[in-house]
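J.: This is the structure I want to talk about, given as structure tokens.
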Amino acid sequence: MTENTSLTSRETEILALIAEGKTNKEIAADLFISVNTVKVHVSNIFQKIGVASRTGATLYAIEQGLVSPALPPENQMEADEVVQEEIHSTSTRNKMTIPFLVVLGVLLITITILVATRNKTPAEPESMLMVNFSADERWQDYQVLNTPRSNVAAVTYENQLFAIGGNFAEGVSGNVEVFSPIENSWISLVDKPTPVTEVSAILIGEKIYVPGGKTADDKVTDKFEVFDPRRNTWEERASIPIVLSDYGLASFGGDLYLFGGWDGSKPSDATLKYDPDQDEWSEISSLPTPLTSVVAVQSGNRIVLTGKRDKTSTTLEMISYFPDRDLPGENPWEEGVTLPVDGSVSCLFDLLGEVYAVVKGESATDFLFYDGQKKNWNSMGHNETLISDNSRCTVLGGELFFIGGTKPDGGSSGELLGYKMIYSISLPGIIN
């Protein structure tokens, strides 16, 4: 650990658990402390190491050697075998000394670097993820949705995946279902009061926010409804200032940000900010260009957007918004490069400080990551067997999930597919 951070032993312990993907509630249970105490520690950790998100904290923990980065299963086995050999070569049984732990940590990091180097060619882009999305055997089938749908709003909470609204056989759906990867099952929850499609959902605190969307009568709405997953209840909040669907949604600093979308007749350049505590919307700096089919993700100190200038377009634009720069006399927008493939973005996600895009094209699904240094998009492969259009994807516990979609025959799909992107390496227990 670097000296200038001055993390306490408890903060270091919590940082390692954050990097393992654990929630505040899980950390509190593991350490036998309250959730509020964990929140205070997390806030202090973020301030000390200079990050604004759990993703940033995870990347920092990897850089400091507190946890190991992603390894494919075959490489994890290699690392485990080497670690086990090192353990069995120790003369002391059931006891590891401090010097040995230091050596073990260095060895594990070295293995990771060597494996990563071996699996790359010099011209290959340097993504933190060492994965091959084209490998069909790495995709896992899970229990299908209770109600097959496309265009769902996907969001995660407490190690569960929520699918809200969308299109199904009877039209526009208000169905809400939650999936548990541990139990491999879906449970139907109370329906959303206003059935909608072409919406996004975002988790802020312990509530899921779903603004606007297109209703069953094919009209765009300004209605704003919020779901409490702990109580399985919906409530209505202040309406959006304008009707919008097909927008991008992200959270930053505890506030909700909504970008562009479809206003019922044309793409929108609106950028809106919502304060959950005050239940108030405000209009902020407009998009430089009106965009629809917008997808957004928060990454560090910015929010990355992709979108189209028209519903019929297949060209995907990229732009970044910096909330802290949205001040008088400053420009909060930074133009990006057009994505190198045509199609529709199923999702954007930030993992280990990098931005990834999943794009459904005419004949294949492409996987891209954004190189922030060179400011360009790079391919991580494509898959021709992910055939459903209008599917949505999200990340939970280091696994990329695809939810629902439209089948080639036009029917709704209930398919749920998962691709494990991150594997943890467990060190043996220490017996004093």
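Rule-based calculations on the coordinates, nothing more; no lab input. As the structure is a computational prediction, the values presented were derived from the model and not from experiment. Here the Cβ positions follow ideal geometry from the backbone for every residue, glycine too, while neighbour counts run over all protein chains shown.
J.: Tell me, in nm to one decimal, what length is gained between ILE33 and TRP139 on full extension, where the rule is 0.36 nm per residue of separation less the Cα-Cα distance?
T.: Length gained, ILE33 through TRP139: 34.4 nm.
J.: Find how much the distance from GLN373 to SER286 grows on full extension, using 0.36 nm per residue of separation minus their present alpha carbon separation; answer in nm with one decimal.
T.: 28.7 nm
J.: Sort MET130, MET421 so that the residue with the fewest other Cβ atoms within 10 Å of its own Cβ comes first and the one with the most comes last.
T.: Going from least to most buried by this count: MET130, MET421.
J.: Under 30 Å Cα-Cα from LYS214, which lysines qualify once same-chain neighbours fewer than 8 residues away are excluded?
T.: Those lysines meeting the cut-off are LYS192, LYS223, LYS266, LYS273, LYS308, LYS311, LYS360, LYS407.
J.: A further question on this structure: For each of SER9, SER412, count neighbouring Cβ atoms within 10 Å of the residue's Cβ, then give the residues from fewest to most.
T.: SER9, SER412
J.: Could you state the number of Å between the C-alpha centres of the stretch 329-362 and the stretch 15-66?
T.: Spelled out, the Cα-based centre of one part sits 27 Å from the other.
J.: What is the order of ILE45, ILE403, ILE242, fewest Cβ neighbours within 10 Å to most? Walk me through the intermediate numbers first.
T.: Values: ILE45 23, ILE403 29, ILE242 17.
Listing ILE45, ILE403, ILE242 from fewest to most nearby Cβ atoms yields ILE242, ILE45, ILE403.
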